[in-house]
1. Just the residues that are hydrophobic (A, V, I, L, M, F, W, C) and modelled with pLDDT of 85 or more, please, taken from segment A:64-87.
2. Collect the residues in segment A:132-147 that are touching a Ser or Thr at 6+ places or on another chain (Cβ under 7 Å) and either within 12 Å of A:M197 (Cα to Cα) or surrounded by fewer than 16 Cβ atoms within 10 Å (Cβ to Cβ) (or both), keeping them in residue-number order.
3. Within segment B:1-60, how many residues turn out to be more than 26 Å from B:S85 (Cα to Cα), of a type in the set (K, R) and touching a helix residue (DSSP H, G or I) at 6+ places or on another chain (Cβ under 9 Å)?
4. Being more than 15 Å from A:S310 (Cβ to Cβ) and either within 14 Å of another protein chain (Cβ to nearest Cβ) or touching a His at 6+ places or on another chain (Cβ under 7 Å) (or both), is that true of even one residue in segment A:24-34?
5. Which one is nearest to B:G69 (Cα to Cα) among residues in segment B:110-127 that are over 16 Å from the mean Cα position of the chain (by Cα) and within 7 Å of another protein chain (Cβ to nearest Cβ)?
6. Looking at A:A263, A:A253, A:A283, can you tell me which residue is buried (at least 20 other Cβ atoms within 10 Å of the Cβ), at pLDDT below 80 and in a helix (DSSP H, G or I)?
7. Could you list, in sequence order, all residues of segment A:112-131 that are farther than 16 Å from A:V196 by Cα and charged (D, E, K, R)?
8. Within segment A:285-304, count every residue that is small (G, A, S), more than 51 Å from the chain's Cα centre (by Cα) and facing chain B (nearest Cβ under 7 Å).
Amino acid sequence: MALPLSYNIRNVRVRWQVTLLAISGIALVVAVFSILLSMSAGFQTALRATGRPDNALIVQRGSASELTSGIRIDDRNTILADDRIARRPDGSPMASWEWVVVMSLPKVDNGGPTNVTLRAVTPQAFEVRGGIDVVEGKKFQPGLDEVIVGRKIMGRIEGLQIGKQVKYMDKRFTVVGVFESQGGAFESEIWGDYDVMGAMFQRGAGSNSVVVRMKDASQIPALDKWIRAQPQMQLQAVAEPKYYSDQAGPLAAILKGLAAFVAFVMGVGAVFGAMNTMYAIVASRTREIGTLRALGFSRFSILSSFVMESVVLATLAGAIGLLLAMPMNGFSTGTAQTQSFSEVAFSFRLTPQILITGMVFAAAMGLLGGLLPALRAARMPITRALRDA
Amino acid sequence: MSTMVSVQEVTKVYKRGSEELKVLDSLSLDVPEGEFVALMGPSGSGKTTLLNLIAGIDQPTSGAVVVGGRNIAVLSEGELAKWRSHSVGFIFQFYNLIPVLSAVENVELPLLLTKLSKKERRERALTALKVVGLADRSSHYPRQLSGGQEQRVAIARAIVTDPQVLVADEPTGDLDAKSAEEILKLMETLNQEFKKTIVMVTHDPRAADRAHVQRHLEKGVLQLR
């Protein structure tokens, strides 16, 4: 029979200071670890949630973002005639062509400038892009100097409330609405009318990109192949979600790598800390262990008693750590994206997977931290353990 | 009277690095059932080592240690642990009680290794405490007891599984004269009324006088006196 649980519980109670120290250490590590992971998860969601799988985004080959892409009107018209593109009842193609520019606006927190994407869209954009909902105010009126702003960027940039004016070049645009795009990157953008802004940009009738709705999502590679076969255009077609998640690629990878690195360094530190604590606890109980073994308790029952104590404490610490990290869930922030040089706002996401990872991480720290000193104690000759002062 | 403990040609060598230290040298000793033996001798004479071998918490380099008809020198670590749990009771110099457990819980510890129910365990532990005269202190923690009382709790723990042999390593070494006297009286009672075979290591001549037999060790060899 194993040692009674009350033995562990009372030991923890008697040695509460050192136990508290060990628990706080592990809790803090788990908190930071899960916050880093949730940041990475949130950033990936912001860009992955952008776009519909049956939309194809047409951009210039070799352009890293929509900003550096260009599509002439005759190429656009050629592509829109393609039979794979979905049509409205009136026969017009389900497509939207858009200009994208970057404007510098002051941040709310420190007033410093940051780049915000200004997107000039046709009225069809709302239908084609999908998932765009104006949640406050109204849509901009085509032909008027009006814009709508994404929900996430609104809180991060000064003067984007409804009724306020945004200045671009010499023109002032009135904010008339706030929109959401199911957490996607469009929520970090400002949208205005294609005709009004296109004239202001003086770029003619082309666009940076064209998005088309496919009759069948599986036809996107075929469309891409056909477009690439046209010698006069240097364009490509990419599934819309893939395009935006590829944009997240480098930064999300950096964030994830950073999270893993920091977690590793902190984890090693915490394991040493936990082990040190367990060593101290075990060392102070050496004579007790000798006594228990003399009375006939097996090495295994003593070992499992100590390891269990350590794992339970560490798991508890993990839960506390996750509770500490909880307030960060949903916390919105932004960062300059590496591809489009503009601000992408995103929310920290403490996913169930991250919670599980955090708990497993904590339990593993407890296991490692408890096992080695417990092994040492269980292996010591009884006669030596009994002599221990 | 049959032999309870028979130590046959036992040698114990400790290795410290390349140095070998012979603590017991071909030692033989028989303890009849119901005997109360005192092992005496100067420090380093090997008396505690001999006691540890009889108690099964150490093993000889060569020779046999037969306790209750069983040669425990050949048992594995696990078998030995099991054997200790029902065959031998320990009385230590510093009592070795678990500080976070109450008196009755300390006494109950060895019973956790038996098949007894929770209720039976508690009953037996309380009976053992009654035998040592501490029934009214059962819920006290070791830090709330005097040295003599702690040692009596330890004796209750040693007898709770009803072992045939009790081993005591300087049981009065940490006690004042009055408490030591009480402990020795209790051990006499265990020997005479409960028929326990007792092997006791001691420096204290007064303690040794209570035993039936005194054996003296010097440099790992029993002295004939």
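1. A:I71, A:I73, A:I79, A:L80, A:A81, A:I85, A:A86
2. A:D145, A:E146
3. Residues that pass the stated criteria total 0.
4. Looking for residues that are more than 15 Å from A:S310 (Cβ to Cβ) and either within 14 Å of another protein chain (Cβ to nearest Cβ) or touching a His at 6+ places or on another chain (Cβ under 7 Å) (or both), one finds none in segment A:24-34, hence no.
5. Result: B:L113.
6. Of A:A263, A:A253, A:A283, the one residue that is buried (at least 20 other Cβ atoms within 10 Å of the Cβ), at pLDDT below 80 and in a helix (DSSP H, G or I) is A:A263.
7. Of everything in segment A:112-131, those that are farther than 16 Å from A:V196 by Cα and charged (D, E, K, R) turn out to be A:E127, A:R129.
8. Count: 2.
The values are calculated or read from the model by the stated rules, or taken from the named source; none is laboratory data. Because the structure is predicted, anything quoted here is derived from the model rather than measured. As a convention, Cβ positions derive from the backbone with ideal geometry for all residues, glycine included, and neighbour counts pool all protein chains shown.
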